[in-house]
1. For segment 3-279, what D do you get in µm² per second when you plug the Kirkwood radius from alpha-carbon pairs into Stokes-Einstein at 37 °C and 0.692 mPa s?
2. Sequence gap at least 6, Cα distance under 8 Å: using those rules, report the relative contact order of segment 3-279 to the nearest whole percent.
3. Give me the extension gain from residue 67 to residue 45: residue separation times 0.36 nm, minus the current Cα-Cα distance, reported in nm with one decimal.
4. At 0.36 nm per residue, and after removing the present C-alpha to C-alpha distance, how many nm does the segment from residue 82 to residue 146 gain when stretched out fully?
5. If I model a spin label as a point 7 Å beyond the Cα along the Cα-Cβ vector, how far apart are those points for residue 264 and residue 56 in nm?
6. Let me have the 222 nm mean residue ellipticity of the chain computed from DSSP H runs of 4+ only, each contributing -39500 (n - 2.57), with the sum over all residues rounded to the nearest 500.
7. Kirkwood-based Rg over Rh for segment 93-225 (C-alpha set), two decimals?
8. May I ask you to derive the FRET efficiency for residue 275 and residue 102 from their Cβ-Cβ distance with R0 = 22 Å, giving the value to the nearest 0.05?
Amino acid sequence: MSTLVFFAVIGAAILHAAWNALVKSGADKKVSMGAVVLGHMPIAVVVLFFVPMPALASMPYLAAGILLHFGYQLFLLKSYEKGDLTQVYPIARGSAPLIVALFSVVVLGVQLDMLQTLAILIIGGGIISLALVRKSDGQQNAQAARLALTTGLFIASYSLIDGLGARLAGTSLGFYSWLTIGNGLLMGAYLGVGARAALKTIVTKGRKTFWFGGGASFIAYSIVTWAFTQAPIALVTALRETSIVFALLLGVFFLKERLNLMKVFSTFTTLLGVVLLRFAK
């Protein structure tokens, strides 16, 4: 992985943690999530004037990606209703690189050297160890953990589909722009049928999240989609999950969530994996 790709993905991780914090901090999670997803669309429409159409071979991947992103967003919403940002986000994001790496090696035949494999295992294992975090009453939040792990399966699935699709498309930005428009239409339909009040609120109280959250999310995943075409999907997915470090800081300092030894351990373990990945070939 080149230095440019490495630091671009780190930047995307910071933006990704920021919009997740916006969703979690919002009083109505549907409003926040809907505002972020719909906030992609104005940017995507403008981008389409400057990029070519994705190649026809990428269209099945585009359709699958739209559905998988929508599924991810629904399960993330459910997860945030049951658990803290500093629990839900790490479990969801930590499981994804492990699944992607396993699929890449076993099914796609991707060859990872020992240091790359070790880095992915340390990053994923360090993050997912936060499943052991307990609630304020001392009990493990098993329901939130299950929902977060399901969210992780969606993350792994759309990462693989988007990476393969962007490579076939010949334009990573064009591929993602069309994907996010389709995703936005699905989210708009979902809110229009089941949460009309939330849809109306986005226009008034949700404007900040629409523009800032939507903009941050679009830029973050545009970078990641481009990175999928420049480096192995498994490595990009693992590096993207350094967002746990930034999510942890946002959760503690801005959302006033509790910091404990397990969260600190997980953060430093993740950083160790990042260092190894940086020096891997």
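We did not get these values from a lab; they are worked out from the coordinates using the rules stated. Just so it is clear, the structure is predicted and the values come from calculations on it, not from any experiment. All Cβ positions, even for glycine, are placed from backbone atoms using ideal geometry, and neighbour counts span all protein chains on display.
1. On the way: Rh = 18.6 Å.
Result for D is 177 µm²/s.
2. Numbers: 441 pairs, mean separation 114.2, N = 277.
That works out to 41 percent.
3. 6.0 nm
4. Details: separation 64, 0.36 × 64 = 23.04 nm, distance 1.03 nm.
Length gained between residue 82 and residue 146: 22.0 nm.
5. Computed distance between label sites residue 264 and residue 56 equals 6.0 nm.
6. -26000 deg cm²/dmol
7. When Rh is taken as the Kirkwood radius, the ratio is 1.03.
8. Working: r = 23 Å, r/R0 = 1.03.
With a Förster radius of 22 Å, E is 0.45.
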